[in-house]
Amino acid sequence: MKIGIPREVQAGETRVALIPGLIPILIKDKHEVLVEAGAGVGAFFPDTQYAQAGASLVEDALAFYEQADIILKVQPPQMHPTTHLSEAEMVREGCAYIGFLSPFTRLDVIQTFARRKITAFAMEFVPRLTRAQSMDALSSMSTVAGYKAVLLATEHLGKMFPLLMTAAGTITPVTVLVLGAGVAGLQAIATAKRQGARVEAFDARPAVREQIQSLGATFIEMELPRNAETASGYATEQSAEFLKREQEVIRARFPGVDVVISTAQVFGKRAPLLVTCEMVKSLRPGSVIVDLAAEQGGNCELTRAGQTILYEGVTIVGATNVPALLPMTASQLYAHNVVNLFRYLYPATGLQPESSDALVKGTCVTRNGQIVHEMLQSLVREEVSG
Ligand code: NAD
């Protein structure tokens with residue numbers, strides 16, 4: 001197959017779907033690799049490295065899309081700034097595609113792919129199976145985001161993180177509160193601990209208590225809901241009553257907190273609202289909130305996605321596309337995830353898994369001109385019935 005790696009066109013996107021180091025594996029599998037010129041520049045992988053690894057470089061975007069049999073991509077398709085076509089229309093009809101697709105919010109792309117007979121796989125839908133862990137890009141990107149969230153907080157906080165005893169007096173460590181301790185939250189806890197902070201954390205899933213404690217952080221106790229977790233390991237949506245009690249518990253911690261890192265999410269839904277405008281007033285001036293759920297509506301009422309605002313002396317960072325702030329690591333991890341999924345779906349032996357295989361069924365969104373993913377089929381039905 002001719003595997004195509006396009007240049008990402010979204011503003012601020014620095015990642016690339018394939019790093020030069022993985023090209024020899026694909027060539028050994030008897031594939032060709034086409035790279036759109038400049039694809040890796042944002043992640044500090046120059047064209048020369050791709051060429052040295054055996055890829056062919058294509059200058060023109062339309063010529064690139066015309067030649068590739070499968071596209072490996074990071075961002076969902078969008079309007080191309082130079083061709084003025086949607087990237088979903090640029091992928092050659094009948095081709096394959098693997099990448100993030102924001103399937104719940106970009107049904108238009110899914111419908112275009114179905115119409116154009118693209119066989120598309122959504123990285124968001126990689127199931128949480130042991131054999132799919134090496135393909136789980138959501139977890140990889142959450143790891144990067146959780147780490148970087150702490151560094152963003154250090155940039156905005158007017159304090160050093162660790163305990164320091166100096167001739168000029170003792171500096172007490174800062175207190176970091178992490179809300180939501182999934183992959184990103186646990187990485188934020190570990191990073192804040194390494195920076196010398198005191199760390200407290202909370203999650204609605206009871207299983208997380210032990211994980212928080214094993215990282216040396218304090219689990220904030222409250223009565224947790226039953227059935228807090230879906231079969232696939234995600235949190236369930238909590239009742240308004242639980243969220244209200246949760247807000248009270250969080251509010252009680254706020255006067256002693258310097259940094260809040262919020263990561264709470266419910267797969268496919270708006271992020272839960274955990275911090276109200278009133279609650280922000282009980283934080284000390286100079287405190288910082290880094291809201292990693294900004295793109296899903298935010299855990300804080302005041303969060304503005306993509307903006308950093310100051311409210312009553314508190315800095316609120318509406319962090320978006322945080323993995324793109326660490327493009328080398330993020331691209332390295334993402335590329336491994338994508339290549340692992342690609343090699344599973346299109347093995348060198350040519351013996352492709354059946355469409356009923358859990359990984360294929362879980363990730364494939366369009367095939368043979370149809371939307372084949374059950375969740376998306378019901379979304380389309382809802383849209384049609386209005
Ligand atoms: P996520 O990004 O969907 O959500 C982040 C966190 O927010 C979760 O821990 C969730 O419980 C929490 N949350 C949701 N509502 C909340 C609320 N009201 N208050 C506080 N916290 C709330 O989740 P994630 O990080 O992708 O992963 C969740 C779990 O799945 C983790 O335990 C992770 O280890 C596990 N996981 C398993 C696999 C696998 O088995 N292959 C792969 C990835 C993740």
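Annotation for the range 310-354 versus the range 168-198: alpha-carbon center distance of 24 Å. Projecting the alpha carbon convex hull of the range 147-290 along each direction and taking the average yields 8.9 nm².
Proximity of backbone amide H atoms, modeled 1.01 Å from N, is registered between Leu163 and no other residue at under 5 Å, excluding neighbours fewer than 5 places apart on the same chain.
Could you size up the charge dipole of the range 112-240 around its Cα centre, putting +1 on the beta carbon of Lys and Arg and -1 on that of Asp and Glu, and report it in debye to the nearest 20? Numbers along the way, then the final one.
Numbers: 13 positive and 10 negative charges, 109 e Å.
Once rounded to the nearest 20, the dipole reads 520 debye.
To check you understand DSSP bridge types, tell me what percent of the beta bridges within the chain (both residues inside) are antiparallel, rounded to 5. Beta bridges within the chain, antiparallel portion: roughly 25 percent. With the helix formula -39500 (n - 2.57) applied to DSSP H stretches of n ≥ 4, the chain reaches a computed 222 nm mean residue ellipticity of -9500 deg cm²/dmol. Taking the protein heavy atoms of the chain in the context of the full set of protein chains, the accessible area attributed to carbon and sulfur is 52 percent at 1.4 Å.
The angle between the Cα long axis of helix 327-345 and the main principal axis of the chain comes to about 50°, on a 0 to 90 degree scale.
Positive-end ranking of Ile289, Ile98, Ala63 along the dipole of the chain, with charges on Cβ about the Cα centre, is headed by Ile289.
Using only Cα atoms, what Kirkwood radius does the range 51-199 have, in angstroms? Mind dumping the intermediate values first?
Values: mean 1/r = 0.0528 Å⁻¹.
The Cα-based Kirkwood calculation yields 18.9 Å.
Taking amide H atoms as placed 1.01 Å from N in the peptide plane, the amide H of Glu36 lies under 5 Å from those of Ile5, Arg7, Val58, each 5 or more residues away in sequence or on another chain. Springs between Cα atoms under 10 Å define the GNM used for the chain, and in it the highest mean-square fluctuation of Glu32, Glu13, Glu59 occurs at Glu59.
Treating only the Cβ atoms of Lys and Arg (+1) and Asp and Glu (-1) as charged, compute the dipole magnitude of the range 6-64 about its Cα centre; round to the nearest 20 debye.
Details: 4 positive and 8 negative charges, 48 e Å.
Magnitude of the dipole: close to 240 debye.
Between amide H atoms placed 1.01 Å from N, distances below 5 Å from Tyr311 occur with Ile316, all of them 5 or more places distant or on a separate chain.
3J(HN,Hα) along the range 183-194, derived from phi through the Karplus expression 6.51 cos²θ - 1.76 cosθ + 1.60 where θ = phi - 60°, amounts to 4, 5, x, 5, 5, 5, 4, 4, 5, 5, 4, 4 Hz, with x in place of Gly and Pro.
Quick one, what does Rg over Rh come out to for the chain if you take C-alpha atoms and the Kirkwood Rh? Don't skip to the answer; put the middle values down first.
Numbers: Rg = 22.2 Å, Rh = 22.2 Å.
For the chain, the value is 1.00.
Nearest 20 debye, what's the magnitude of the dipole of the range 77-125 about its Cα centre given +1 on Lys and Arg Cβ and -1 on Asp and Glu Cβ? Please list the in-between numbers first.
Values: 5 positive and 5 negative charges, 29 e Å.
So the dipole magnitude of the range 77-125 works out to roughly 140 debye.
Spatially close Lys pairs in the chain, defined by Cα atoms under 25 Å apart and a spacing of eight or more places or different chains, total 21. Restricting the GluC sites (Glu not before Pro) of the range 178-229 to loop positions (DSSP other than H, G, I, E, B) with no more than 11 neighbouring Cβ atoms within 10 Å leaves Glu221, Glu223. Compared with the dominant principal axis of the Cα atoms in the chain, helix 137-156 is inclined by about 40°. Measuring nothing but how far apart in sequence close Cα pairs (under 8 Å, 6+ apart) lie, relative to its length, the chain scores a relative contact order of 18 percent.
A 1.4 Å probe run over the chain, with the rest of the protein chains in place, finds 45 Å² accessible per residue.
Structural size metrics of the range 15-57, computed from C-alpha coordinates, are Rg and Dmax of 9.4, 28 Å.
Percent of Cα pairs in the range 275-339 per distance bin of 10 Å, from zero to the largest separation: 22, 40, 22, 13, 3.
The values are calculated or read from the model by the stated rules, or taken from the named source; none is laboratory data. Everything quoted here is computed from the prediction, not taken from an experiment. In this analysis, Cβ positions are derived from the backbone assuming ideal geometry, glycine residues included, and neighbour counts consider all displayed protein chains. Keep in mind that these areas ignore ligands, DNA and RNA; they rest on the heavy atoms of the full protein, side chains included. Shrake-Rupley method; radii C 1.70, N 1.55, O 1.52, S 1.80 Å.
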